[in-house]
Amino acid sequence: MKYDVIIIGAGVIGSCIARGLSKYNMKVAVLEKNNDVGNETSNANSAIIHSGYDPECGTLKAKLNVEGNAMFDALCKELDVRFQRIGSITLALDDKDIETLKMLQKRAQQNKVQTTLLNREELLKIEPHLSQHVKAGLLAETAGIIDPFNFCVHLMENAIDNGVDLFLNTQVTSIVKREDGFLINHQFQADMVINCAGLYGDEINEMINPKTFEIIPRKGEYLVLDHFDNAFVKHTLFLVPSDKGKGVLISPTTSHNFLIGPSAEICSKDDKDTDKITINEIKRTASLMVENIPFHQVIRTFAGIRPTPKNHDFIIEESQTKNFINVVGIESPGLASSPAIAKKVIEEIILKKKNYTLKENYDPYVKPYIHIHELSFEERKKWIEKNKDYGEIVCKCEKISKGEILDCLQRSCPPHSIKALKKRLRVGFGKCQGGMCQSIAMHLLANYYKKNLNEISYDSLNSYILCDELKGANKQ
Amino acid sequence: MKNVDLVIIGGGSAGLAAALQAKQEGIENLIILEKEPYLGGILQQCIHNGFGLVQFKEQLSGPEYAQRYIDLIEQEQIPYRLNTTVYEITQDKKIYYTNADEGCVCLQAKAIIMATGCIERSAGAIMLEGARVSGIMSAGLAQKYMNIEGYMVGKKVFILGSGDIGLIMARRCTLEGAKVLGVAEIMPYSNGLNRNIVQCLNDFDIPLYLSHTVKKVVGKDRVEKVMIAQVDQKMDYIEGTEKEFECDTLILSVGLIPYNPLLEKLNITLNPKTKGVNVNQDYETDFDGIFSCGNALHVHDLVDYVSQEARLAAKGAVKYLKDQSHHQENLHETKAGTGINYVLPQKFARCNEDKIDFKFRVTRPFKKCNIVIKTDESVVKIIKKLYLLPSEMEIVSLDMKTLQEPFKNLEFEIKEEC
């Protein structure tokens, strides 16, 4: 198989670049080692589109974060992804913190990000549940929250709809440079390779280049609270990093849950364990910001791993090997920077190599998804009259219908596992965590892919859920 | 919009008994709304026996117990809807529900009985430590996969929590050829019925590790190992007590929580102990004309008591429908004193009642003790008990004539004999 460009890794960076390239007349493939797109760092982060005041001026992080942030309104409209500019507030607990806020505000000015310094009284008007410790805060109104799962899925869906090939469960094990380009896994040929392998970016680079950088895996643990009517915070709240606690945040999510975390600790690349000591420390730190956090509403804890580059800035450059481009070390604010990173890679590197023409039939829009539970009674009624499956509710906690699941399965970047379905539609995301609906979701996946129930996996191909059939089981 | 006198949400053991009682007391215009494609609720996957000993004086399996009620529902021609999800209950008791055949329907109810059952506490809710891999499964889901879908869930199984479903699944997995390596219980006593400890663990030589919990789950794609450790009184791990078990499955039986999202949306406060709502002796909630019973109100250990409680809630609803008189004013409150976790009903009125059944659970196991019942400071009744267990709900019937007014609280407490 011969491609103009092969992208290694279908995280948010790989997906953004793939979609960006799908505008042009070129053959693009994405190789992903996991059973779904966006399944590593892109799957477990704070889901924040940072405003961009925080990175030091002059860094790639600062430039691309601010640029990227501004692109999200239009992008999420095209991709049908939930995105809300709810604003962020960085909170100060003492005079020293207030000095830090002032320093951050200066940095914001340098980065051209609008911020407002608020005193306690002003803060309480917009966030009434702040703790007694909070003295001041720095409001950045352009900060937003996003559905990170569907951002990645819809980027890839749109890329595939515009001609990109996606290969899941395809781990890159060898890259050979030949006269006519690259040969990957003795199978895929490409003129150009973009390394978006995230945590494994250094290992991929070293398949063809000497070691020039190192990716240090850094783990962040989080707690997720259920959604409940009384929204106890309305903005993304950060704590000024200090000796009292590291940058823990409390934030609403686009699905009306609340996210609290992360911790930050060096770990191994596949260590997604959570532990009580860290979770308790997150709770303690978060409680410095907000009073009476309803921790009894915790429905899940999880850990995500960020690819921290040793020099602490993004690495976006052509490597020593010509036409092999590294886009690595994309830790926070990577999600917020992702569209700007893709733009930079495409316009400043790829298109400089060869002048690819624009496709005539490129369509930037993802066909809107129907969310039955968000519709009014009358609208819902109309949709169910058109298609009965919208009236059969599979996930009772999140009110997701069979019709929505069947729609999703027919998309071009469909779910192959229980987790992939959960990421896309929130099936099993609620209070019961799939206890009530997982078996129904299994049936729908099995029917669609013409498989037995015990061939449906939770996530990776090896993560089976069921073993053998019981003897004498009465199968329909 | 259709007017209905009584809407029963949930067609499991509570909903079915409530509907029957209401119909037998003359309520004709009623309906049951059930989310699953069948009536009977969780009973349909409980293929073990032991159901019906109180109600029918015989040993039935879950489906048999359910069928007795379903037959009566059919006989009485009580209408029901399956595969039906209720989206919302409004302040004026309109019920919005959805199913594939009818689409979206709005009912105007006069009274509502909430019989929505409970859900299992998840790995997330207990903040289980270690890897988030396949093979961690709640006991009820494992039971559904085995008994309804006909698939084995694992070959080497460890169980966290000694709740009844976990114990039942220990036996079920063993009988189907799996090796059950052990059951860890964080409390120093079991949370299951004694008969289940004997019949499901002891009979199969499955060890029960009391005061132990899972410290870490290890695995890449699927569970490969669990590490358990002993805990002290503060629930902190005791170093050096770790034990490892190589297994492919961790079944969780770590508690059931009444499932009341619809009532939470109506801003009815949940009781922090029961996790259900508060009710009076008619099982009416703080919301006028909305009743709650069964596992949606508080988690029961025997289905027979669920059915009984649902009948009482139905009686309450019928009384409400017939004369609109109820006991929402000048109510006495019950109080859980020393050794008592909760008492139900939380409120009651003395008038027009001969007897009220009070239900409660103790906070820990007691031997040779007295249940002391007091109105404010004066003792009304003392009941001697050889033992009391948190896993077994106690019922005390009190003759209202024995209570001397005026008093505010009726307090229950446990006094151990010295």
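The values are calculated or read from the model by the stated rules, or taken from the named source; none is laboratory data. Since the model is a prediction, treat every value here as computed from it, not as a measurement. When we count neighbours, we look across all protein chains shown, and the Cβ atoms used for this are built from the backbone with ideal geometry, even at glycine.
If the condition is being outside any loop (DSSP other than H, G, I, E, B) and either without any contact (Cβ under 8 Å) to a residue 60 or more places away in the chain or surrounded by 24 or more Cβ atoms within 10 Å (Cβ to Cβ) (or both), then region A:327-344 contributes A:V327, A:V328, A:G334, A:L335, A:A336, A:S337, A:S338, A:P339, A:I341, A:A342. Residues that are facing chain B (nearest Cβ under 9 Å), among the aliphatic types (A, V, I, L, M), within 25 Å of the chain's Cα centre (by Cα) and more than 19 Å from A:H371 (Cα to Cα) are absent from region A:422-439 altogether. Among the candidates B:I228, B:I238, the residue that is assigned by TED's automatic domain parsing to the domain that holds B:L128, closer than 30 Å to A:D270 by Cβ and without any contact (Cβ under 8 Å) to a residue 12 or more places away in the chain is uniquely B:I238.
For beta carbons closer than 6 Å, sequence separation of 6+ or different chains, a first residue in region B:164-178 that is touching a residue at least 12 places away in the same chain (Cβ under 8 Å) and a second that is among the aromatic types (F, W, Y) and in a helix (DSSP H, G or I), the qualifying pairs are B:T174/B:F204.
Picking from residues in region A:223-248 that are buried (at least 24 other Cβ atoms within 10 Å of the Cβ) and closer than 24 Å to B:G130 by Cβ, the one that is farthest from the other protein chains (Cβ to nearest Cβ) is A:V248.
Which of the residues spanning region B:105-114 are more than 10 Å from chain A (Cβ to nearest Cβ) and not polar (S, T, N, Q)?
B:L107, B:A109, B:K110, B:A111, B:I112, B:I113, B:M114
Please determine whether any residue of region A:303-317 is among the polar types (S, T, N, Q) and touching a residue at least 24 places away in the same chain (Cβ under 8 Å). Quick ask: steps written out before the conclusion?
Taking region A:303-317 and keeping what is among the polar types (S, T, N, Q), we get A:308, A:311.
Filter once more, so that each one left must be touching a residue at least 24 places away in the same chain (Cβ under 8 Å): A:308, A:311.
Among the residues of region A:303-317, at least one is among the polar types (S, T, N, Q) and touching a residue at least 24 places away in the same chain (Cβ under 8 Å), which makes the answer yes.
Within region B:44-61, the presence of a residue that is basic (K, R), more than 10 Å from chain A (Cβ to nearest Cβ) and more than 22 Å from the chain's Cα centre (by Cα) is excluded. Of all residues in region B:151-168, none are modelled with pLDDT under 95, part of a loop (DSSP other than H, G, I, E, B) and more than 22 Å from B:Y189 (Cβ to Cβ). For region B:193-202, the count of residues that are within 23 Å of A:D275 (Cβ to Cβ) and polar (S, T, N, Q) is zero. If A:L155 satisfies all but one of (1) touching a Lys or Arg at 6+ places or on another chain (Cβ under 8 Å); (2) surrounded by fewer than 24 Cβ atoms within 10 Å (Cβ to Cβ), what's the number of the condition it fails? Checking A:L155 against (1) touching a Lys or Arg at 6+ places or on another chain (Cβ under 8 Å); (2) surrounded by fewer than 24 Cβ atoms within 10 Å (Cβ to Cβ), the one that fails is (2). Within region B:84-104, the set of residues being more than 9 Å from chain A (Cβ to nearest Cβ) and either of a type in the set (V, I, T) or under 30 Å from B:I165 (Cβ atoms) (or both) comprises B:V86, B:I89, B:T90, B:I95, B:Y97.
Regarding A:D4, is this residue among the acidic types (D, E), surrounded by fewer than 24 Cβ atoms within 10 Å (Cβ to Cβ) and either touching a residue at least 60 places away in the same chain (Cβ under 8 Å) or within 17 Å of A:N150 (Cα to Cα) (or both)? Answer is yes for this residue. Looking across A:M1, A:M71, one residue alone is under 30 Å from A:P241 (Cα atoms) and not assigned by TED's automatic domain parsing to the domain that holds A:R411. It is A:M71.
For (1) touching a helix residue (DSSP H, G or I) at 6+ places or on another chain (Cβ under 8 Å); (2) of a type in the set (A, V, I, L, M); (3) within 25 Å of B:K57 (Cα to Cα); (4) surrounded by 19 or more Cβ atoms within 10 Å (Cβ to Cβ), each residue gets a yes or a no:
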site	(1), (2), (3), (4)
B:K319	no, no, no, no
B:A336	no, yes, no, yes
B:D354	yes, no, no, no
B:K401	no, no, no, no
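Taking the conditions (1) within 19 Å of A:A190 (Cβ to Cβ); (2) of a type in the set (K, R); (3) surrounded by fewer than 14 Cβ atoms within 10 Å (Cβ to Cβ) in turn, A:K310 satisfies each one other than (1). Note on region B:44-87: residues that are hydrophobic (A, V, I, L, M, F, W, C) and buried (at least 18 other Cβ atoms within 10 Å of the Cβ) total 8. Every listed requirement among (1) more than 14 Å from chain B (Cβ to nearest Cβ); (2) modelled with pLDDT of 95 or more is met by A:R380 save one, (1). Where strands (runs of 3 or more DSSP E) fall wholly inside region A:1-106, the ranges with 1 or more residues that are among the basic types (K, R) are A:2-8. The condition of being surrounded by fewer than 22 Cβ atoms within 10 Å (Cβ to Cβ) and under 23 Å from the mean Cα position of the chain (by Cα) holds for only one of A:N209, A:N169, A:N185, that being A:N169.
Quick grid of which residues meet (1) closer than 19 Å to A:G11 by Cβ; (2) over 18 Å from the mean Cα position of the chain (by Cα); (3) of a type in the set (A, V, I, L, M, F, W, C):
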| position | (1), (2), (3) |
| --- | --- |
| A:N25 | no, yes, no |
| A:A44 | yes, no, yes |
| A:G52 | no, no, no |
| A:P55 | no, yes, no |
| A:M71 | yes, no, yes |
| A:E78 | no, no, no |
| A:V81 | yes, no, yes |
| A:S88 | no, yes, no |
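Going by the structure shown, is A:K396 out of contact with any Pro (no Cβ under 8 Å at 6 or more places or on another chain) and at the interface with another protein chain (Cβ under 9 Å from one of its Cβ atoms)? It is true that A:K396 is out of contact with any Pro (no Cβ under 8 Å at 6 or more places or on another chain) and at the interface with another protein chain (Cβ under 9 Å from one of its Cβ atoms). Please determine whether any residue of region B:115-134 is within 7 Å of chain A (Cβ to nearest Cβ), outside any loop (DSSP other than H, G, I, E, B) and within 24 Å of B:K275 (Cα to Cα). There is at least one residue in region B:115-134 that is within 7 Å of chain A (Cβ to nearest Cβ), outside any loop (DSSP other than H, G, I, E, B) and within 24 Å of B:K275 (Cα to Cα). With respect to (1) closer than 26 Å to A:D73 by Cβ; (2) part of a loop (DSSP other than H, G, I, E, B), the lone exception for A:N169 is condition (1).
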